[in-house]
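The values are calculated or read from the model by the stated rules, or taken from the named source; none is laboratory data. Since the model is a prediction, treat every value here as computed from it, not as a measurement. Here the Cβ positions follow ideal geometry from the backbone for every residue, glycine too, while neighbour counts run over all protein chains shown.
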Amino acid sequence: MPLVGELFDAQDPEEPVEAVGPIESIELQEPTAPMETIAPQEPTAAELDALAAWLGQDTLDRDSATARFLHDLEFGVTLDLLSAFTEAGNSVDQYNDLRLRSLQLHFASPVAETGWAFATVDYADGGGRGTGGGSEWVLREGGLWIEQIPGGLWPESMRLEVGKFAADLGAWNTVYANEFPAPSLDGARRTVFGGNVVLTGFALHQGLPFDGGHFRWSVALAGDVERQDVDLPGNGINPSTAAPIGRFGIANWAGTARATSQWNLGDGHEARAGVSMFYAPNELLFTSAPGGASVRNETRHFTYGLDAGWRWQPARSAMAHELSFEIWVDENQYRNGVSGVTGEDGRAEWAWYEFTYSEALRFGAMLSRHDVLGLSAIDLDGSYHSAYSTWYFSPSNRVSLFLTHTNPQDFVEKFYTVGAEWVVDLGARRANVLPRWN
């Protein structure tokens, strides 16, 4: 095939070009018959009815409750990456690995003339690959805050929470692990409650400000209870286990109550104190039996505690201090072999301190101790301590470096861990957190 240039070179430009004869004109002939015009047709009655029905169908009106709900919907994602390393001999579960501990999706939106709705789902790894649990989606919470009741049935300061929600127990139970200042929840809470206590039912809350402070109370009634721990297989909600941690399920009901007060002490000082309780008359207990079977019992469970806190921020300074303390007493029942159910009381306490050096840098430490509940002939103690420093790249992006010491119980190997945690919030922050300070 000749190239494009060869085609042009084949014709000598000086060689005369043979002339082409004239082009005959083309005559347009008139049509033999006039063209027919098509008159517009009137729509039929059926077509008019169909058009009217389509135009009048229910569409998403911008002023409708559904449209306002979708327009005001707040959505956020929280990513929690954790890596901890230890030399402990039995450390295959949660350590020496990089974990996507939690990928949390949370939603919140006002509900017209009622309150606001919330939901949190979590893709959690259940303690890492070594635990055998694997990552799975978990519904952490989902429900509705009712803030306005027609007819003035209760005061404007009273609110009703309905659905699945973290119980109002102490100052920290509604705070999830990726929101907790330290890398993991305190050992006292994980031992007594099995993590975050989550109720399915309803709760009544009321806040009452007073001169120089604020008072708040709540009561809740639930038909089901979960103990959620992001660092346990199944995220701590396995219904059948012989260990104290992870038991859940209410045969008929469970209840919680809390009262807390806060005082402004002046010069940047604030203090708070509160009392809480959890009571279940017939909590389900599954105890492993020989041969892999499980024995079911209904047991009484009563837990009560005291919490207190103090914070201080000098005027015209970015530095701040905060101290928090909780003590819990757990009156629980266990199955004692073939002889039936017996009771045992335990106690747990923990303290936390954090120093804010600047808007970007914080240092903190946590101490926790707990009785190891069970049927041992001697008292056994366990503990979990941690120290950390956190750098905030922004309010929604932080990295923590930490050192922890874990004592599962007496006569069991103790071990240290070092590691890092990175938490990133994309979009809106989780809204359903009861503030420890008002």
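General observations
- Given (1) under 20 Å from Asn432 (Cα atoms); (2) modelled with pLDDT under 85; (3) in contact with a helix residue (DSSP H, G or I) (Cβ under 9 Å, 6 or more places away or on another chain), number of the condition Pro110 does not satisfy: (2)
- Flag for Asn173 being farther than 26 Å from Arg159 by Cα and of a type in the set (S, T, N, Q): no
- Test result for Tyr384, assigned to a strand (DSSP E or B), in contact with a helix residue (DSSP H, G or I) (Cβ under 8 Å, 6 or more places away or on another chain), surrounded by 13 or more Cβ atoms within 10 Å (Cβ to Cβ) and in contact (Cβ under 8 Å) with a residue 40 or more places away in the chain: yes
Quick grid of which residues meet (1) closer than 26 Å to Glu331 by Cβ; (2) touching a residue at least 60 places away in the same chain (Cβ under 8 Å):
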position: Val192; (1), (2): yes, yes
position: Val198; (1), (2): yes, no
position: Ala203; (1), (2): yes, no
position: Gly213; (1), (2): no, no
position: Ser218; (1), (2): yes, no
position: Asp229; (1), (2): yes, no
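- Of all residues in segment 161-170, those satisfying the criterion of being over 16 Å from the mean Cα position of the chain (by Cα) and under 15 Å from Ala257 (Cβ atoms) are Glu161, Leu169, Gly170.
- So Ala220, is it in a loop (DSSP other than H, G, I, E, B) and at pLDDT 90 or above: no
- Which numbered condition Arg436 misses (of (1) of a type in the set (Lys, Arg); (2) surrounded by 17 or more Cβ atoms within 10 Å (Cβ to Cβ); (3) in a strand (DSSP E or B); (4) at pLDDT below 95): (3)
- The residues on offer are Val418, Val412, and the sole one that is more than 30 Å from Val162 (Cα to Cα) and either in contact with a strand residue (DSSP E or B) (Cβ under 7 Å, 6 or more places away or on another chain) or of a type in the set (S, T, N, Q) (or both) is Val418.
- Scanning segment 113-125 for residues that are closer than 13 Å to Asp80 by Cβ and modelled with pLDDT under 85 gives a single hit, Asp125.
- Residue count, segment 186-201 (criterion: surrounded by fewer than 22 Cβ atoms within 10 Å (Cβ to Cβ) and in contact with a Leu (Cβ under 6 Å, 6 or more places away or on another chain)): 0
- Restricting attention to segment 215-224, the residues that are of a type in the set (Val, Ile, Thr) and out of contact with any Leu (no Cβ under 6 Å at 6 or more places or on another chain) total 0.
- Residue ID - modelled with the highest pLDDT, chosen from residues in segment 65-85 that are more than 19 Å from Val423 (Cα to Cα) and either buried (at least 17 other Cβ atoms within 10 Å of the Cβ) or aliphatic (A, V, I, L, M) (or both): Leu73
- Residue check, Tyr357 over 28 Å from Val197 (Cβ atoms), more than 23 Å from the chain's Cα centre (by Cα) and at pLDDT 95 or above: yes
- Segment 217-232 - residue that is crowded, with 21+ Cβ neighbours inside 10 Å and among the hydrophobic types (A, V, I, L, M, F, W, C) and, of those, nearest to the chain's Cα centre (by Cα): Val230
- Top-ranked residue of segment 383-420 - restricted to ones that are within 20 Å of Leu79 (Cα to Cα) and among the hydroxyl-bearing types (Ser, Thr, Tyr), ranked as nearest to the chain's Cα centre (by Cα): Ser396
- Some residue of segment 366-374 being among the charged types (D, E, K, R) and modelled with pLDDT under 95: yes
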